[in-house]
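Comments concern the structure below.
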Amino acid sequence: MRLLISSLFYRSPFENLQKHADKVRECARLFKEAAVCHVGEECEMFDMLVDKVSQLEHEADDIKRNIRNHLPYGIFMPVDKFQFLHYLREQDKVLDEVEEALFWLSFRPRSIPKEVAADLNKLVQAVIPPIEVLSDLVSLAVRFFKTRSSTLREQMKALIRDIRKYEGDADDLERELKFKIFNVIKDPLAVFHLVHLVEIIGEIADHAQNASDRMRAMIAR
């Protein structure tokens, strides 16, 4: 009976969470490509890239629903169910913000003012690493919750610290860019559009950090 329970326990929802995290990582890379090509100048590939992100988001939603509909009960969950769902929600919000950022970018078909284009590119680049690290974090979690290895725990904690640093760097760039927008852009509508766009992009890194914080709670002793 112990072997049967163990086999059920180890077929944990973390394996599907990995699939979801991989979709998030793929969307992040497409987001970077779409944003960079749009920020620099009008890009014929932009709409195609947005469509790809939308398709991946739908696929990630299917995985999310599958996870929620097949959560094991009681002792078969390796972690508190609500902590796990909180993690999934934050990881999924990364995708929501990626889609929203691309949607908001599409409102300005004439591209981004040259005065802030390079800075916006820096911000886009800054929010990608924490998303990519999330996938690595979940990969370690799949193994950790099977073995409870202290080595894996320390590796996860190191990645969580990395995500926190990445998010802090993105926050700094976000504040600097907002200040610059208010000082160099004269068109009020452009100011509103850019400030909101910058906030949405910043939220991508925020949700990545929120997810990592939930993971930290799940591996706490």
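Roughly how big is the stretch 143-216's charge dipole about its Cα centre, with Cβ charges of +1 (Lys, Arg) and -1 (Asp, Glu), in debye to the nearest 20?
Numbers: 14 positive and 13 negative charges, 130 e Å.
My answer is approximately 620 debye.
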Quiz item: For the chain, list the cysteines whose Cβ sits under 4.7 Å from no other cysteine Cβ?
Solution: CYS27
Quiz item: If you average the sequence gap of Cα pairs under 8 Å that are 6 or more apart and divide by the length of the chain, what percent do you get for the contact order?
Solution: 31
Quiz item: About the Cα centre of the chain, what is the dipole size in debye to 20, counting +1 per Lys and Arg Cβ and -1 per Asp and Glu Cβ, all else neutral?
Solution: 1340
Quiz item: Tell me, what is the FRET efficiency for ASP171 and ASN69 to the nearest 0.05, using R0 = 25 angstrom and their Cβ-Cβ distance as r?
Solution: 0.10
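Could you compute the longest span of the chain free of chymotrypsin sites (Phe, Trp or Tyr not before Pro) located in DSSP loops and having at most 16 other Cβ atoms within 10 Å, not counting the site residues?
Working: sites that count: TYR73, PHE107.
So the longest stretch without any such site is 108-221.
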Practice problem: Choose one of GLN83, CYS27, PRO129: the residue whose Cα lies farthest towards the positive end of the charge dipole of the chain (beta-carbon charges +1 Lys, Arg; -1 Asp, Glu; about the Cα centre). | Solution: GLN83
Self-check item: the stretch 100-150 versus the stretch 82-96: alpha-carbon centroid distance in Å
Solution: 15
Quiz item: the stretch 2-219: percent of C-alpha pairs farther apart than 25 Å?
Solution: 42
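Values quoted throughout were computed directly from the atomic coordinates according to the rules given, and no laboratory measurement underlies them. This one's a predicted model, so the numbers in the text were calculated from it and none came from an experiment. Positions of Cβ are generated from backbone atoms using ideal geometry, with glycine treated the same way; all protein chains shown enter the neighbour counts.
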